[in-house]
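Data first, discussion second: the structure below is written as structure tokens.
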Amino acid sequence: MTIKNLKFSFSVVLFALLAVGFTSCGDDDADLESKSYNYAFHTGQTVAAAPYSGDHADNFAAELVLQEMENGNTMITVNLSNTVDGETYRIHAHDAEDAASTPNGTPYNETPNADVLATSVEGNGGTASVSEESTMSVTELSTTYSGFFVVHDPLQDISTVDISTYLVVGSFAR
């Protein structure tokens, strides 16, 4: 084989490898599932008899974003709008339960489910965001998980029993 043929063969092999490399380096994230859910200020949508009662401005809202990760887990991001600067917002999921089986007659387990979501974020006077990884898939969280998404009022003592202290409460990822 001559030097000229060797250079040509090397060029063809190099080109082929680069072509394969470029075609296999596509945007893998484009195939990952993402879902977003908006929650309005709690005016009694979930429990008409117990709307929010407190001093927080009622222009507050929350967005729950589920982003599938390559490992099958879900990155959950919560975006809170119109937060109070310097106040800590407690955010979590409560598993749905039969009210007859809970200590205070609530339709949910009063202990937040940290395997789904249990976090907090400090308000900044505008939009505050926080992310946390869940071992559950986007499909599990949005179709089979039965629970509630809750944002507590940072201007009141936290209560997992008094729904009138919740700024946001609704079915999780629905």
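If neighbour count is taken as other Cβ atoms inside 10 Å, put 92, 42 in order from fewest to most.
Lowest count first: 92, 42.
Exposure proxy check: 43, 160 ranked by fewest other beta carbons within 10 Å?
43, 160
Once amide H atoms are built 1.01 Å from N in the peptide plane, which residues 5 or more positions from residue 172, or in another chain, come under 5 Å H to H?
147, 148, 149
When only C-alpha pairs under 8 Å and at least 6 residues apart count, what is the relative contact order of the range 28-82, in percent?
36 percent.
Would you mind calculating the relative contact order of the range 118-174 from Cα pairs under 8 angstrom and at least 6 residues apart, reporting the percent as a whole number?
It comes to 31 percent, rounded to a whole number.
I need the shape label for the range 28-171. Rule: rounded when a/c is under 1.5, else prolate if a/b > b/c, else oblate, with a, b, c from the alpha carbon gyration tensor.
It comes out oblate by the Cα gyration axes.
Around residue 153, with a cut-off of 12 angstrom between Cβ atoms, what is the net charge of the other residues, counting Lys and Arg +1 and Asp and Glu -1?
That sum, taken over residues with Cβ under 12 Å, equals -4.
What ranking do 76, 158, 163 get, fewest neighbouring Cβ atoms within 10 angstrom at the top?
The order, fewest Cβ neighbours first, is 158, 163, 76.
With labels modelled as points extended 7 Å from the Cα through the Cβ direction, what inter-label distance (nm, one decimal) is found for residue 159 paired with residue 53?
0.7
Throughout, read-outs are computed from the coordinates displayed, never taken from laboratory work. Here the structure is a predicted model, which is why all the values come from computation and not from measurement. Note that each Cβ is placed from the backbone with ideal geometry, even for glycine, and that neighbours are counted across all protein chains shown.
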